[in-house]
1. Express the Stokes-Einstein translational diffusion coefficient of segment 88-211 in µm² s⁻¹, to the nearest whole number, given a Kirkwood radius over alpha-carbon pairs, 4 °C and a viscosity of 1.567 mPa s.
2. Cut-off is 10 Å between beta-carbons; in what order do Thr176, Thr170 appear when sorted fewest neighbours first?
3. Give the residues of segment 1-37 whose amide nitrogen is closer than 17 Å to a point set 7 Å from the Cα of Leu207 in the direction of its Cβ.
4. Can you list residues whose amide H is under 5 Å from Gly117's amide H, if they're 5+ apart or on another chain and H is modeled 1.01 Å from N?
5. Calculate the FRET efficiency for Ala2 and Asn24 from the Cβ-Cβ distance with a Förster distance of 22 Å, rounded to the nearest 0.05.
6. What does the convex hull of the alpha-carbon atoms of segment 5-77 project to on average, in nm²?
7. When only C-alpha pairs under 8 Å and at least 6 residues apart count, what is the relative contact order of the chain, in percent?
8. 5 Å is the cut-off here: which amide hydrogens, built 1.01 Å from N in the peptide plane, fall below it relative to Lys179, excluding neighbours closer than 5 in sequence?
Amino acid sequence: MADEVKLYAAAVSPFVFRVKIALNIKGIKYENLEQDLSNKSAELLKYNPVYMKVPVLVHNGNAILESLVIVEYIDDAWKGVSILPHDPYEKAVARFWAKFIDDTCIPALLKTFGRNGNKKSDKEACDQLQILENELKVKGTKFFGGDNINLVDIAADFIAYWVGIIQEATGKTLVTKDKFPTLMVWADYFINLEVINQVLPPREHLLAFFKA
Ligand SMILES: N[C@@H](CCC(=O)N[C@@H](CS)C(=O)NCC(=O)O)C(=O)O
């Protein structure tokens, strides 16, 4: 029996985009169920009663929640190009950095680009990004995953694509080539990869969303 794969999604979400990248890397066909997050569907609430958020992946009737968990599930459930390293230590390191991005970098960026952003929150966000900048610089590789992207690059999609658009929408420029040269070169490589730009949401669409 063919796999039935459904993705409860929102095109503007960097968390949903992580899952779309993983599905594209593995070449998985799926049904995209775009959600109105201001009027959540009964199905979304049924599948994700805890957080009531997208993405939700439903694979043969089983719901998998939380973008990084879903990316790992896709890597485990389907053969093909690996998204996580096989070596247990390398895998733990990748999970550490993906968690750092989720728990520390993204909240700091959202805070400072939000309504209450101020000099202090700007500095906090830049300090966290500097840690990522240093990590990639020390690695000296094209991607956090080395020659190819892995879980960490996928986790950082918000930094690669969304931040620049939010900067344009808000008129607040914090993340620049001068301050973060290594990260900005990485972002360029990342969004120009075929497996990424095939599924990237259109820039104008995101810009209009964040301006609104
Ligand atoms: N930690 C979650 C975050 C997901 C998330 O924040 N999704 C947002 C869209 S970007 C959402 O569904 N928001 C709806 C809400 O908060 O009510 C993940 O990684 O999947």
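Every number here is computed from the coordinates shown, using simple stated rules; none is lab data. Because the structure is predicted, anything quoted here is derived from the model rather than measured. Neighbour counts are summed over all protein chains in view; Cβ atoms, including those assigned to glycine, are modelled from backbone coordinates with ideal geometry.
1. Rounded to a whole number, D works out at 87 µm²/s.
2. Lowest to highest Cβ neighbour count: Thr176, Thr170.
3. Only 12 fall inside the zone, counting backbone N under 17 Å.
4. Sorted by chain and number, the residues that satisfy this come to none at all.
5. Efficiency computed from Cβ-Cβ geometry: 0.75.
6. Quarter of the Cα hull surface area: 4.4 nm².
7. Rounded, it is 21 percent for the chain.
8. none
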